[in-house]
Amino acid sequence: MKSSISVVIPNYNGRELLASNLPALYDALQTSGIDDFEIIVSDDASIDDSVEYIKKNYPGVILIENPVNRGFSGNTNIGIKRAGKELVFLLNSDVMLTEKYFTPLVRYFEDDDTFGVMGRIIGLDSDKIQDGAKYPGYSYADINSNTNYICRIPTRGKTFSFFLSGANALIDRSKLEFLGGFDEIFGPYYSEDADLGLRAWRAGYRCYYEHDAVCKHPNATIIKKEKSGKVKVIAKRNKMLLHFIHLNNFELLFYLLALAVKLLFRTLWLDLNYCKSFFLFAVSIPKAVESKAKFKKLQKRNNVNLSVRNIAGFIKSNISRNNVEIF
């Protein structure tokens, strides 16, 4: 069974977060019986003293100092490329693990088709669940990646997740490398983890959620510092890119036509943020076409041709609506 872990922590001006959460990481590894591990901090050109803090207090940590800011996906990919263990654990610097966090997770990798698994994310000062399993929010030509679910009644079976949160995902390194890590077209943030999870499913792998693995997380830390208008523009653009990359044939055509109609009305309403999002999406289409073509080749290598419709239908067929809470 795979049990060696490379922990990859993308960091940007997170000195205080690292000081708070690195001790909990070491404790979680130790109490889970993980002896073979490495911790990689990929610093995204921080302007605080994150780098100096790591060098002084954690000399055993592998520190990558990026000279320019690459955004979440680019920065994380650099850390992934440095990883050398069987499993890669993607951990945001603002996430605090609890004891024995990895104990219920590593068993998932007994199955050859496991891509990865994520744990339950609760508030830093409360037990309110922030992230559970990702619900397969899908209807014709519409992908909803903002909905979570949990099982009200514990089940012996494994809980599927539409994708894995990039904040606390334990992933098979060989499969992660096969998919090429995060698609940097989604930089600087938003939707890159949804895209990775959908590519994993469509490549024939499976993503899971483990309720008994618990970590704690405050409200958004880095993104909340950005101006709300900028965040909305990026989020909407990336949602458009997600649909373009993962919808095909008539569904994609339907989506693009609906997008054009929506653009017309949003323009009449002087919704400048939406117009900015559409423009940024439009200029990114050539790269999105490359992403689609690249992934299609990977599907052929795995001899699969799964669509988002197939994946959503499969997960929903394994969920009893009477037994789940959707939020």
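The values are calculated or read from the model by the stated rules, or taken from the named source; none is laboratory data. Since the model is a prediction, treat every value here as computed from it, not as a measurement. Cβ placement follows ideal geometry from the backbone for every residue including glycine, while neighbour counts extend to all protein chains displayed.
Take Gly166 and tell me if it is within 23 Å of Ser32 (Cα to Cα), small (Gly, Ala, Ser) and either outside the structural domain of Asn219 (by TED's automatic domain parsing) or in contact with a helix residue (DSSP H, G or I) (Cβ under 6 Å, 6 or more places away or on another chain) (or both). Judged against the criteria, Gly166 is a match.
Cβ separations smaller than 6 Å between residues 6+ apart or across chains give the following pairs from segment 20-33 residues that are closer than 12 Å to Ser93 by Cα to residues that are of a type in the set (A, V, I, L, M, F, W, C): Asn21/Met96; Ala24/Met96; Ala24/Leu97; Leu25/Leu97. So for segment 281-291 (the condition being of a type outside the set (S, T, N, Q) and farther than 23 Å from Gly197 by Cα), does at least one residue qualify? Within segment 281-291, one or more residues are of a type outside the set (S, T, N, Q) and farther than 23 Å from Gly197 by Cα.
Of the residues making up segment 108-157, those that are under 18 Å from Ile319 (Cα atoms), assigned to a loop (DSSP other than H, G, I, E, B) and of a type outside the set (Lys, Arg) are Gly132, Tyr135, Pro136, Ser145, Asn146, Thr147, Ile153, Pro154, Thr155, Gly157. Here Lys262 meets the list (1) within 18 Å of Ala235 (Cβ to Cβ); (2) surrounded by fewer than 13 Cβ atoms within 10 Å (Cβ to Cβ) almost entirely, failing just condition (2). Residue pairs whose Cβ atoms lie under 7 Å apart, separated by 6 or more positions or on different chains, with the first residue in segment 42-60 and in contact (Cβ under 8 Å) with a residue 60 or more places away in the chain and within 22 Å of Asn77 (Cβ to Cβ) and the second surrounded by 17 or more Cβ atoms within 10 Å (Cβ to Cβ) and charged (D, E, K, R), do not occur.
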